[in-house]
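Enquirer: Questions regarding the structure given below will be posed in turn.
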Amino acid sequence: MKKIILTFIIASALISCDDKDDTGKVSRITNYPIITVLGDDPLYIEKGGEFVDPGAIATEGENQIEYTSSSIGKYRGGNLDPNVVDEYLITYKATNKDGFDGSASRKVIVYKNGDLVSSIEGLYKCTISRNGVTPSNAYRDINYIYIWKNDDGTYGISDAFGGWYEYGRALGLDYITPGGIINAVDIPSNSFTFPGNPLSNNGFGGVANITDVNVDPAAKKIVLTCTWAAPTAYTFVATLTQVQP
C-alpha cells in the first residue's frame, strides 16, 4: 500500500511542475467569422425589377456579429443596378474581435430576354466551337453569355469568343474578348453591322472581329461568328440559346 501511495505523490509532483512551465506560454482560442448567405444563390432579377438583398448572418462562435456588403458587375462594372444587365457579385464580410476576417458571396444576375424579332437581348447558354472542331463538354452549355441593349440602340455582348477561354479553358475573366457591339439593321432578315470591331482578347491580345450574327427566333437561338488574328488564325462560332431562369 505504501508503494502505491508514493507513486501517486511523484506523479502529482510532475504534473505540478508541467503546470508551472506552461504559465509563460499563454494561448487562447479565436473564433473565425462564419457567414451564412440567406436566400437564393444565384438570384435572378429581370431588368427593371425590384432588388431586395436577402442578406446574410455572420457569427463569431455562438454570437451574431455585424457584417458589411459590397457589389460589383462582372462585365460592365459598377454597383449592383437592377436596371443594368450584368452578372453581379455581392460580397459579405465580417471581422471578429481579434481582427480576423471572414467572407461569403452571392451571384445576382440581372437579365432581359428579347423576342429575337425586335430585340436580341438575352440570357444565353453557349456552345462554342473553334475552327469547325466539334466542341468537347467543357465548351457546351456554358452559363452564361449576356447580350444587352445599349442606350444608342446597339447591342453589347459579354464575350465575343463565347466563353471559350473564360469557361472552356477555365482561364477566367482576364481572357474574355469584350467590347463587341452589334447593330441590328433588320433582325428578321439577319441584317447586322459591327461598329465595335476590331476587338482584342484581354489576355492574349490579337485582333478579333465579329463577322456574322444569325438569329432563329423560333428556336430561341443566335449563332455568332468571330474571327481572331492570333499567332494562329481562329474562327469561333458561338451557338447561343436563350434561357428563362
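The values are calculated or read from the model by the stated rules, or taken from the named source; none is laboratory data. On a predicted model such as this, the values are computed, not experimentally measured, just so you know. Cβ: placed from backbone, ideal geometry, glycine included. Neighbour counts: every protein chain shown. Note: accessible area is taken over every heavy atom of the protein model, side chains too, but ligands, DNA and RNA are not part of it. Shrake-Rupley method; radii C 1.70, N 1.55, O 1.52, S 1.80 Å.
Enquirer: Name, by its number, the condition in (1) open to solvent by 70 Å² or more (accessible area, probe 1.4 Å); (2) of a type in the set (Gly, Ala, Ser); (3) within 21 Å of residue 200 (Cα to Cα) that does not hold for residue 103.
Expert: Evaluating residue 103 over (1) open to solvent by 70 Å² or more (accessible area, probe 1.4 Å); (2) of a type in the set (Gly, Ala, Ser); (3) within 21 Å of residue 200 (Cα to Cα) leaves (3) as the failure.
Enquirer: Another question, if that's okay. Within region 185-196, how many residues turn out to be under 17 Å from residue 158 (Cβ atoms) and either open to solvent by 50 Å² or more (accessible area, probe 1.4 Å) or small (Gly, Ala, Ser) (or both)?
Expert: Number of matching residues: 1.
Enquirer: Any residue in region 201-213 that is under 14 Å from residue 241 (Cα atoms) and not hydroxyl-bearing (Ser, Thr, Tyr)?
Expert: The answer is yes, given that some residue of region 201-213 is under 14 Å from residue 241 (Cα atoms) and not hydroxyl-bearing (Ser, Thr, Tyr).
Enquirer: In region 29-70, which residue that is closer than 28 Å to residue 158 by Cβ and of a type in the set (Asp, Glu) is most open to solvent (accessible area, probe 1.4 Å)?
Expert: Looking at the filtered set, the residue picked out is 50.
Enquirer: Continuing with the same structure: Of everything in region 51-83, what is over 22 Å from the mean Cα position of the chain (by Cα) and on the phi < 0 side of the Ramachandran plot? Give them in sequence order.
Expert: 58, 59, 60, 62, 63, 64, 65, 66
Enquirer: Of the residues 78, 122, 73, only one is without any contact (Cβ under 8 Å) to a residue 40 or more places away in the chain, buried (at least 16 other Cβ atoms within 10 Å of the Cβ), out of contact with any Cys (no Cβ under 8 Å at 6 or more places or on another chain) and within 30 Å of residue 46 (Cβ to Cβ); which?
Expert: Of 78, 122, 73, the one residue that is without any contact (Cβ under 8 Å) to a residue 40 or more places away in the chain, buried (at least 16 other Cβ atoms within 10 Å of the Cβ), out of contact with any Cys (no Cβ under 8 Å at 6 or more places or on another chain) and within 30 Å of residue 46 (Cβ to Cβ) is 73.
Enquirer: Can you name the residue in region 108-128 that is among the aliphatic types (A, V, I, L, M) and touching a strand residue (DSSP E or B) at 6+ places or on another chain (Cβ under 7 Å) and, of all such residues, is nearest to residue 216 (Cα to Cα)?
Expert: If we take residues in region 108-128 being among the aliphatic types (A, V, I, L, M) and touching a strand residue (DSSP E or B) at 6+ places or on another chain (Cβ under 7 Å), then 116 is nearest to residue 216 (Cα to Cα).
Enquirer: Quick check: anything in region 200-214 in contact with a Phe, Trp or Tyr (Cβ under 8 Å, 6 or more places away or on another chain) and at positive phi?
Expert: yes
Enquirer: Determine which member of the set 143, 131, 137 is under 23 Å from residue 197 (Cβ atoms) and open to solvent by 30 Å² or more (accessible area, probe 1.4 Å).
Expert: Just one listed residue meets the conditions, 131.
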